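Here's the structure, in structure tokens; my notes come after.
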Amino acid sequence: MEGSAPRCRRFRGTLFVALVRSILLAILACSGSEASPDRLCIFDFDETLWIRATNSVAEEARRVVRACVRSGYEIAIATVNPFPLNVRRVLQEEISEALFPTELLLSPAFQFGRRNKTVAMNLILRYYGMQDTPECAVLFDDNELANKRHADATGVQWILVDETIGITMEDFDRAEQKLDRFCP
């Protein structure tokens, strides 16, 4: 019985985080983004921005996110990682708080813990008012087998990231070429 108490506390903590997340998503989903962006970069986290094997940010992650922002694209996160506080810490402290402000990470633009990225990307598209132009969004992700089908299901462009090194400027260049070709 002694060993079960920490698990109970962890379970209650997880439930609390899930409840708070649900409430925030409900509030923020109603507000939405004020203007519909022309283009959107959606990033996976693990093995795309963050490399677990090296326990570090992908070497070119900051450059790619900056390139998206400098190009006038909005940014979002769609990760199956179930630990939002850890993901937020890495995004803000190890990549850039200016690129990932708290308001972004408390909005529907930050989707975590969802294995079904179709749902996550639809929420992101709705938040940015891009339901009618999903081809103007691109998902950078390392898991083709699990996640390309979700991008295809939503109409979002897909860029496969090398899971051993994470996202690169070459990935961004390929995304821009796709967006130029398919986004009106």
Worksheet item: Once amide H atoms are placed 1.01 Å from N in the peptide plane, what residues at a sequence separation of 5 or more from Phe112, or on another chain, have their amide H within under 5 Å of its amide H?
Response: Thr79
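What does the extension gain come out to for Leu85 and Asp38, with contour length at 0.36 nm per residue minus their alpha carbon separation? Spell out each step's value before the answer.
Numbers: separation 47, 0.36 × 47 = 16.92 nm, distance 2.94 nm.
Taking 0.36 nm per residue and subtracting the Cα distance, the gain is 14.0 nm.
What does the charge dipole of segment 58-184 about its Cα centre add up to, to the nearest 20 debye, if the Cβ of each Lys and Arg holds +1 and the Cβ of each Asp and Glu holds -1?
Numbers: 15 positive and 20 negative charges, 86 e Å.
Dipole about the Cα centre, nearest 20: 420 debye.
Expected output is a single nm value to one decimal: the length gained when fully extending between Ala53 and Ala146, i.e. 0.36 nm times separation in residues minus the C-alpha distance. What is it? Let's see the in-between values first.
On the way: separation 93, 0.36 × 93 = 33.48 nm, distance 1.98 nm.
Additional length available on full extension: 31.5 nm.
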Worksheet item: For segment 114-155, what is the accessible area per residue in Å², given a 1.4 Å probe and the full set of protein chains?
Response: 46
Fill in: Cα lying deepest toward the dipole's positive end in segment 90-184, options Cys183, Gln131, Ala98, charges on Cβ
Gln131
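If segment 74-132 were replaced by its equivalent ellipsoid, with semi-axes equal to the square roots of 5 times the Cα gyration tensor eigenvalues, what would those be, largest first, whole Å? It would help to have the intermediate numbers written out before the result.
Numbers: eigenvalues 76, 41, 10 Å².
After diagonalising the Cα gyration tensor, the semi-axes are 19, 14, 7 Å.
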Fill in: Solvent exposure, largest accessible area first (probe 1.4 Å, DNA, RNA and ligands not counted), of Arg149, Arg88, Arg126
Arg149, Arg126, Arg88
Item to complete: Find how much the distance from Ala153 to Ala98 grows on full extension, using 0.36 nm per residue of separation minus their present alpha carbon separation; answer in nm with one decimal.
Response: 16.6 nm
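Just to make sure I understand: if all protein chains stay in place, what is the order of Ser71, Ser107 by accessible area at 1.4 Å, largest first? Display every interim value, and only then the final one.
On the way: Ser71 55, Ser107 5 Å².
From most accessible down to least: Ser71, Ser107.
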Worksheet entry | Prolate/oblate/rounded label for segment 99-146 (Cα gyration tensor, a/c 1.5) | oblate
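How would you rank 97-106, 161-170, highest first, on the average number of other Cβ atoms within 10 Å across their residues?
On the way: 97-106: 14.6, 161-170: 18.0.
In descending order of packing, they fall as 161-170, 97-106.
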Discussion item. Test of understanding: extend the Cα→C-beta vector of Lys178 to 7 Å, then name every residue of segment 115-135 with backbone N under 14 Å from that spot.
Written reply: 134-135
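The values are calculated or read from the model by the stated rules, or taken from the named source; none is laboratory data. Note that the structure is a prediction, hence the values are computed from the model and not measured. Positions of Cβ are backbone-derived with ideal geometry, glycine not excepted, and every protein chain shown enters the neighbour counts. For accessibility, only protein heavy atoms count, side chains too; no ligands or nucleic acids. Shrake-Rupley method; radii C 1.70, N 1.55, O 1.52, S 1.80 Å.
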